[in-house]
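Remarks on the structure that follows.
The values are calculated or read from the model by the stated rules, or taken from the named source; none is laboratory data. The structure presented is a predicted model; accordingly, all values stated were derived computationally and were not measured. Glycine gets a Cβ as well: all are built from the backbone with ideal geometry, and neighbour counts include every protein chain shown.
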Amino acid sequence: MRSNRRTLTMVMLLVSALALTSTTLAQTTPPQGNAAPTADNAVLLTVFFKHDQSRPLHELNAQLETQGFYKAFPPAGVEVVSWYVMMGVGQVITLRLPASRLREVNRVIEDTAWGSYRTEFYPTYDYKAVGVAQHEKAAGN
């Protein structure tokens, strides 16, 4: 049951990310300041890599090396926006990528990270420039 719910949640998140159409994008203003627009419906993808805490770190790292994780992840051309270690959880990585490459990133993770990590995915889009502009407009700046 939990697996089905997780699968459904993942599918809904991915559908939401891929639903970024010109209609959705038209509801926002273009990036301002030093924020550059991105091509090909770029999305941000935050991935939680949760450590298997029943195993020592050296075993997890050995498995990642055997499975080729660091060689394959992130795929060429996918931008790493941030990569943090979250104590007690694992690693939290945010990527910027074209929506068309979402499946490729998912497959790399499935093939190379599973076993050492349990994963959670959170696709989003960059709203910073729009939010800041709305704040400045409301503040009268």
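Points worth noting:
- Looking only at the stretch 96-110, and only at residues there that are in a helix (DSSP H, G or I) and in contact with a helix residue (DSSP H, G or I) (Cβ under 7 Å, 6 or more places away or on another chain), the one that is nearest to V43 (Cα to Cα): A99
- Test result for N106, touching a residue at least 12 places away in the same chain (Cβ under 8 Å), out of contact with any strand residue (DSSP E or B) (no Cβ under 7 Å at 6 or more places or on another chain) and polar (S, T, N, Q): yes
- Members of the stretch 60-95 found to be of a type in the set (A, V, I, L, M, F, W, C) and under 19 Å from V43 (Cβ atoms), listed by number: F73, A76, V78, V80, V81, W83, V92, I93, L95
- Qualifying positions in the stretch 67-91 - among the small types (G, A, S) and within 21 Å of R101 (Cα to Cα): G68, A72, A76, G77, S82
Yes/no per residue for (1) surrounded by 16 or more Cβ atoms within 10 Å (Cβ to Cβ); (2) among the β-branched types (V, I, T); (3) modelled with pLDDT of 55 or more:
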| position | (1), (2), (3) |
| --- | --- |
| F48 | yes, no, yes |
| T66 | no, yes, yes |
| P74 | yes, no, yes |
| S82 | no, no, yes |
| G88 | no, no, yes |
| L102 | yes, no, yes |
